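No value in this document is a laboratory result; all are computed from the given coordinates. Just so it is clear, the structure is predicted and the values come from calculations on it, not from any experiment. Here the Cβ positions follow ideal geometry from the backbone for every residue, glycine too, while neighbour counts run over all protein chains shown.
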Amino acid sequence: MSTKKYRFSPIIYGLTQISFYLLVIFIVILHLAPFLWQVICSLKNVDEIYSLPLKYIPSKISLSAYRDLISNPLFLRYLLNSILISLSTTFFCLLLASLSGYALSRLSLRFKTFFQFLLLIACLFPQIIFLVPLYELMANLKLINKPLALVLPYVTFSLPLAVWVMTGFFQTIPKEIEEQAIIDGFSRLKILTKIILPLSRPALATCAILIFIGPFAWNEFLFSLSFMIKDTSRTVPVGIALLSGASMYEMPWNKICAACVLTTLPLIIFVIIFQKRIIEGLTRGALK
Amino acid sequence: MYKLIIITSLMIASSYFSCYPQEKTKITFLGWPDPGGGFEEVISDFEKENPDIDVEMIKGPTSTDTRETMYVTSFLAGEATYDMVFMDIIWVPKFAKQGWLIPLDGWFKEERKEFLPGDIQGSIYQGKIYRVPLQSDAGVLYYRKDLLEKEGFMPPQTWDELIKISQKLQNPPHLWGFVFQGKQYEGLVCNFLEILWSFGGDIFDKKGNLILNSPQGVQALEFMYKLIHTYKITPEGVTTYEEEETRHIFQEGRTIFCRNWPYMWKLTQEENSPVKNKVGIIRIPHKEGKNSFSTLGGWGFGISKFSKNKSACIKFIKYITSYQAQKKLHLKSGIVPTRKALFSDEEILKLNPHYPDLYQILLSAKPRPVHPEYAQISDILKRFIHKVLLGELSPKTALDKAELKIKKVLKE
Amino acid sequence: MPKSFDEQKFGLLLILPSFILLGLVALYPILRNLILSFTENDQFIGIKNFILLFQDERFKSSLFNTLLFCLISVPLQLFLGLVFALILQQRFFTRGFVRTSVFLPWALPTAVMAVAWKWIFNDTYGVFNDILLRLQIIKEPLAWLGKPDLAFFCIILAEVWKCTPFVTVILLAGLQSIPPELYEAISVDGANTLQRFRLITLPLLRPFLLVALVFRTIQALGVFDSIWVLTGGGPGGSTEPISLYVYDTVFRYLKFSYGSTMVIFSFILSLIFVFIFYKFWGDRQIEY
């Protein structure tokens, strides 16, 4: 959709453009403001955080919070764990969602309704109630402290949304393409892998983003806290919760903010990469 | 090619199932982040003396509730994830009732009198003891020595004195009279109890009857409300304060009196603290003619029923609660000891000249009601006390309703 | 298309791994909860728990809070998400950067951002009060998290800030899937922007709006992390949602069967919502 050109007045056009950009700037500020405040606080000295009146620009920029974090090998380990687990979750969930989505959108199966029902109820229950039974399960499978203990539930709970997105998308692919392919002698499997999946890149990319930064991957807290008990197995949100100050009750705000900033960097990178692919996939045009 | 795959898979599989011959017994517990590293040091000392035992302290989050959930999760699953239970005083009856802890009476009998009485009392459930106290904690009143001395005031013994001093010296909003923890959380109940006791009331009497809804109870709640709205020595924002908020207000010099836990002392005496050397500690004030009691907090060690290495746990607990270990924990991490003798220790006294006062306060500190349903009772109290502070309910109505609900809980 | 046995087998194979995962990780705990809700201390007591539930004042209040929370935050998110998606669909300079910023709130760990919001809403040291004071919108600092109505506002603000990007992403994908030829065709017929929006955009976006609506509502019904950190359910229980009460019941009061009862109720509630949404907005084929 391109912006319309007003034939009668360049001034009105200019005004429209300006107000549009102002709106955009306002939107960006709205979304970034709390995060920017985090960045500012992460650069302050500990005492400056509690001084009044509030300083919006730290009088001296202190990187001590970042230094503390990076020099802590445990924190880097948390980052690594989070990356590993989130990437695995995204990959396996995309895989399962594509397969299931295709089956649901194309083929009529006896168990289709039951399967859809399962997906539905998996997301209709509050997360809390899965905690103890899953803990029991993981303990029995001897998976406590192993990444698989998190990947299994994460993939499971990310499935409903992913399957919906993929199913919806597959439904928009015209049946003629497949019918043609069958006539040409392609097997079902080949159709799936060589034709359908490449066409699905935009949906896959959207799905990947939704999974990776969704409630059951990078940001997940409750299961990670309960299943990853050893220091070296923990993920980043739990790591941030563990940051403590000089006393039991203290919250070292500059360190917490710095950790927050550091942990969003991989996410931002991830989003930037996939964001480009969305545009790429979409400018390839409609699926005709 | 296939052979390679088979061999590799076997190796990976075997790494999952292999068990090395157990030379060392390993015991774990979930503790807090251990600022100061006191625990780490004591643990490594213990391991040096007991080379066949490996102690692992898992550092949990600062939030007490979160750590409680972690313990509960593993108990519910019947797992021996944690051999020892490092627990808050209010968890004892709850866990004991569920049968998750083993009684320690067998080996912890005579030693008890060496410990502070309140801590011991809070570790007993239905006549058996389930926890060896390690850290003691009680509410105290911090005050600005310098401000009081300048005007010739003695530190207040009664609430009336505190109000008088506050109203004379304060200058809101730059300098308030009195702040306490008024947010809707466990700390609020601790504050309320201190005030309730100081008016001569209580929640349960010695026989276990509910006596919360009494004239003293109403007076206590009224008093808390009046602090904000009638005497106006406490800011309205107090209903959002936890420990740290009150500490910052006191440390930045914006309040004369602050009720908090002993941990605040060390921080107010640090180099860049604006109130360094200007701080005093006294008992919580009381109503004219009554007595003051502090609410007891504190942590200690119990042993999980599911542990497979109970004797190693006993050894460790005996060690870490010994005189020397507690002293080390104090010197490194500022932990308030539970052994009475440590309060006369020279080294400790040198660092903490206020400790004799603190000792007296601890001796008379009372635990919260030792009841397995305490969590529910506490939650009911929190809600209604908070509503009174906000002015949404009158003290009498709040107590009437709270009494009804608590009675329902007790019937279950 | 002949529905051959092979096709059945293939389809089944495709959904099998997801099936197993769902059964193990999701179904088993749910069944366990279902059974628990009819028992007390391992004895079958029928629907006694459910009767108790309906007499439970605290439960009724948490139900009210949850419903109110959904009723306000979800439509807000849908509306804002639509606006942002429409804007992001335009081509403009720095669009990539703007898109990344708009995704950011969703990417930050919930629990950690809730801690940050707590700090922002602090009555003495909070940025929120500071800005409002400087702009002279308020005369005195407000105790945002200390008064029931204000606290409710805070939790809604935090939720809308965090979750709108989710809606934006889905709607953006939806917008991108609308073939531009349709807009061209209707422009030729002389339609203006508003008509284009009403006749083409909205109807074709409907499936995506539905997905966003359903998922956001379900997640809002189960909201936990952010409120637990931000207000703990206070002040006076005025911001306590159902999931927080479930947490207390199971993990702090150790009343497992009663907790399961609440969970089953919560599930039925979500089911009702999904059913209503589908009945009124669901699956209608779009004729091109």
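Only helices at least 30 Å long along their axis, Cα-based, and averaging -0.5 or more on Kyte-Doolittle count here, so list those DSSP H runs from chain C. Don't jump to the answer; show the numbers that get you there.
On the way: long enough: C:57-89 (47 Å, 1.40); C:148-176 (41 Å, 1.50); C:256-281 (37 Å, 1.68).
Helices meeting the span and hydropathy rule in chain C are C:57-89, C:148-176, C:256-281.
Any idea what the alpha-carbon Rg over 2.2 N^0.38 Å comes to for segment B:259-308? In units of the 2.2 N^0.38 Å rule of thumb, it is 1.83. Summarising the amide proton neighbourhood of C:Glu40: residues at separation of 5 or more, or on other chains, whose placed amide H is nearer than 5 Å comprise C:Ile45. Electrostatic tally near B:Gly298: other residues with Cβ closer than 9 Å to its Cβ, Lys and Arg +1, Asp and Glu -1, net -3. By the helix-only formula, in which each DSSP H run with n ≥ 4 contributes -39500 (n - 2.57) and the sum is divided by residues, chain C has a 222 nm mean residue ellipticity of -22500 deg cm²/dmol. Angle of helix B:64-76 to the longest C-alpha principal axis of chain B, folded into 0 to 90 degrees and rounded to 10: 40°. Using the alpha carbons alone, the radius of gyration of segment B:203-282 stands to its Kirkwood radius in an Rg to Rh ratio of 1.10. For a 4.7 Å threshold on C-beta separation, the list of partnerless cysteines in chain A reads A:Cys93, A:Cys123, A:Cys207, A:Cys260.
Output the DSSP H helices from chain A with an along-axis C-alpha extent of no less than 27 Å and a mean Kyte-Doolittle hydropathy no less than 0.0.
Numbers: long enough: A:10-42 (46 Å, 1.82); A:73-106 (49 Å, 1.24); A:148-171 (33 Å, 1.59); A:253-283 (44 Å, 1.34).
Membrane-span-like by this criterion, though nothing is claimed about a membrane: A:10-42, A:73-106, A:148-171, A:253-283.
For chain B, what does the relative contact order come out to in percent, with C-alpha contacts under 8 Å and a separation of six or more?
Working: 681 pairs, mean separation 106.1, N = 412.
Relative contact order for chain B comes out at 26 percent.
Taken along its principal axes, the alpha carbon cloud of segment C:1-85 reaches lengths of 57, 52, 22 Å, longest axis first.
Taken over the alpha carbons of segment B:187-247 as equal point scatterers, the Debye sum produces base-10 log I(q)/I(0) values at 0.17, 0.19 Å⁻¹ of -0.63, -0.75.
Helix B:186-198 axis versus longest C-alpha principal axis of chain B: approximately 50°, rounded to the nearest ten.
Ordering B:Glu151, B:Glu392 by the number of other Cβ atoms within 10 Å of each residue's own Cβ, fewest first, gives B:Glu151, B:Glu392.
Only Cα pairs under 8 Å and at least 6 apart count here; give the relative contact order of segment C:50-281 as a rounded whole percent.
Details: 232 pairs, mean separation 68.2, N = 232.
In percent, rounded to a whole number, it is 29.
Spatially, segment B:354-395 and segment B:41-112 are offset by 25 Å when compared through their Cα centroids. Sorted into 20 angstrom bins from 0, the C-alpha pair distances of chain B split as 25, 53, 18, 4, 0 percent.
Exposure proxy for B:Val55, A:Val155: other Cβ atoms within 10 Å of each Cβ, ordered fewest to most, give B:Val55, A:Val155.
Each principal axis of the Cα cloud of segment A:65-202 was taken in turn, and the coordinate range along them, longest first, works out to 62, 35, 25 Å.
Counting pairs of Cα atoms in chain C, how many percent are more than 24 Å apart? The partial results should precede the final answer.
On the way: 26738 of 41328 pairs.
Above the 24 Å cut-off, chain C has 65 percent of its Cα pairs.
Just how far, in whole angstrom, is segment C:96-126 from segment A:200-230 if you go by their alpha carbon centroids? Here the answer is 18 Å between Cα centres.
Take the alpha-carbon positions of chain A, form their convex hull, and give its projected area averaged over all directions (one quarter of the hull surface) in nm². Write out the running numbers ahead of the final one.
Values: hull surface 90.3 nm².
Convex hull of Cα atoms, orientation-averaged projection: 22.6 nm².
For segment B:321-376, the spread of Cα coordinates along the three principal axes comes to 42, 22, 16 Å, biggest extent given first. Net charge dipole, the protein assembly as shown: roughly 1580 debye, given to the nearest 20, about the Cα centre with Cβ charges of +1 for Lys and Arg and -1 for Asp and Glu.
Give the order of C:Phe153, B:Phe29, B:Phe316 when sorted by the count of other beta carbons within 10 angstrom, beginning with the fewest. Mind dumping the intermediate values first?
Working: C:Phe153 15, B:Phe29 28, B:Phe316 25.
Exposure proxy ranking, most exposed first: C:Phe153, B:Phe316, B:Phe29.
When the Gaussian network model of chain C links Cα atoms closer than 10 Å, the mean-square fluctuations of C:Leu71, C:Leu16, C:Leu204 top out at C:Leu16.
Under a 10 Å cutoff between Cα atoms, tell me which one of B:Lys226, B:Lys207, B:Lys24 has the largest fluctuation in the Gaussian network model of chain B. Sorting by GNM fluctuation, first place goes to B:Lys207. Normalise the Debye intensity by I(0) for the protein assembly as shown, one equal point scatterer per Cα, no solvent, then take log10 at q = 0.07 Å⁻¹ and round to two decimals. Here the Debye-derived log intensity ratios amount to -0.65.
Rounded to the nearest 10 degrees, the inclination of helix B:2-17 to the longest alpha-carbon principal axis of chain B is 50 degrees.
With contacts defined as alpha carbon pairs under 8 Å and 6 or more residues apart, what's the relative contact order of segment A:96-240 in percent? Across segment A:96-240, relative contact order equals 35 percent.
Too long at a 30 Å Cα-Cα cut-off: which of B:Lys206/C:Lys147; A:Lys230/B:Lys405; B:Lys226/B:Lys332; A:Lys146/C:Lys48; B:Lys97/B:Lys315? Walk me through the numbers on the way to the answer.
Working: B:Lys206/C:Lys147 37 Å; A:Lys230/B:Lys405 41 Å; B:Lys226/B:Lys332 41 Å; A:Lys146/C:Lys48 41 Å; B:Lys97/B:Lys315 25 Å.
In this structure, B:Lys206/C:Lys147; A:Lys230/B:Lys405; B:Lys226/B:Lys332; A:Lys146/C:Lys48 exceed 30 Å between Cα atoms.
Computed as a quarter of the hull surface, the mean projected area of the alpha carbon convex hull for segment B:234-387 stands at 12.5 nm².
Simple rule: put +1 on each Lys or Arg Cβ and -1 on each Asp or Glu Cβ in the protein assembly as shown, find the dipole, and look at B:Gly122, B:Ser63, C:Ile45; the Cα lying farthest toward the positive end is C:Ile45.
Rounded, prolate or oblate for segment C:1-143? Axes are the square roots of the Cα gyration tensor eigenvalues, ordered a ≥ b ≥ c, and the cut-off for rounded is a/c under 1.5. Could the numbers behind the result be given before it?
Details: a/c = 2.88, a/b = 1.27, b/c = 2.26.
Taking the square roots of the gyration eigenvalues as a ≥ b ≥ c, segment C:1-143 is oblate.
Think of segment A:65-287 as a dipole: +1 on every Lys or Arg Cβ, -1 on every Asp or Glu Cβ, centred on the Cα centre; then among A:Leu119, A:Gln171, A:Leu199, A:Leu199 lies furthest on the positive end. Separation of segment C:172-197 and segment C:215-288, taken as the distance between their Cα centroids, equals 37 angstrom. If you average 1/r over all unlike Cα pairs in segment C:116-169 and invert the result, what Kirkwood radius do you get in angstrom? After inverting the mean inverse Cα-Cα distance, the result is 11.8 Å.
Largest GNM mean-square fluctuation across A:Phe157, A:Phe216, A:Phe130, computed for chain A with C-alpha springs under 10 Å, falls on A:Phe130.
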